[in-house]
Amino acid sequence: MKSLAKLLPYRSENRLDRVLSGRAEHFIDHLVRNIEHGRFERMLSGLTAFSAILVSAETYYEHYRGSFGDKMMWSPIVVTPPIVASGIAGVYSKRVAKTALPITAAIYTVTGLVGLILHVRGIHRRPGGWHEATYNIVMGPPFIAPLLFAMVGGMGLLAALLRREK
């Protein structure tokens, strides 16, 4: 703190002192404190809902570009509203965070893993298959994109495992 004060112009009270309340606190320390006190469960529950909206919007756009050629292309769109609702409700209710959120997050994770299998199969079915991998991975279905669904579902599962603040 003193080294920072030397760099700032002299004032009776620096703005930085008011913001940091006399001691420098790092983001990681703040995050660890939130986990220790149980506030991270609520944050992660809300972040799961927000992330699911973003991932679903991107997926809808890409599957729309693919004309929803396969009925399974609708599955990521269909499983999104329940996880969004349970994620938002999990911010406010411990009961929902411990019951509905893990169920919807598990379904979301399984959807992502099934999507991974379908995308790998889609690359394999393209002309040349895996022998033309440098072309088919770029031009075919993005085989890493469904893992984003699985990751968001994993965030929901983790939020359900964390303890809640009292």
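For the reader, a short list of remarks on this structure follows.
- Taking region 128-166 as the range and being touching a residue at least 60 places away in the same chain (Cβ under 8 Å), part of a helix (DSSP H, G or I) and aliphatic (A, V, I, L, M) as the test, the residues that pass are Ala145, Leu148, Val152, Met155, Leu158, Ala159, Ala160.
- Matching option when the condition is on the phi < 0 side of the Ramachandran plot, touching an Asp or Glu at 6+ places or on another chain (Cβ under 7 Å) and among the hydrophobic types (A, V, I, L, M, F, W, C), among Ala85, Ala159: Ala159
- Breaking point among (1) within 14 Å of the chain's Cα centre (by Cα); (2) of a type in the set (A, V, I, L, M, F, W, C); (3) at pLDDT 95 or above, for Val114: (1)
- Scanning region 74-109 for residues that are in a helix (DSSP H, G or I), free of Cβ contacts under 8 Å to residues at least 40 places away in the same chain and not hydroxyl-bearing (Ser, Thr, Tyr) returns Trp74, Ile77, Val78, Pro81, Pro82, Val84, Ala85, Ala89, Arg95, Val96, Ala100, Ile103.
- When region 138-166 is filtered for residues that are more than 28 Å from Gly38 (Cα to Cα) and either in contact with a helix residue (DSSP H, G or I) (Cβ under 6 Å, 6 or more places away or on another chain) or crowded, with 18+ Cβ neighbours inside 10 Å (or both), the ones remaining, listed by number, are Gly140, Pro141, Phe143, Pro146.
The values are calculated or read from the model by the stated rules, or taken from the named source; none is laboratory data. Since the model is a prediction, treat every value here as computed from it, not as a measurement. Neighbour counts are summed over all protein chains in view; Cβ atoms, including those assigned to glycine, are modelled from backbone coordinates with ideal geometry.
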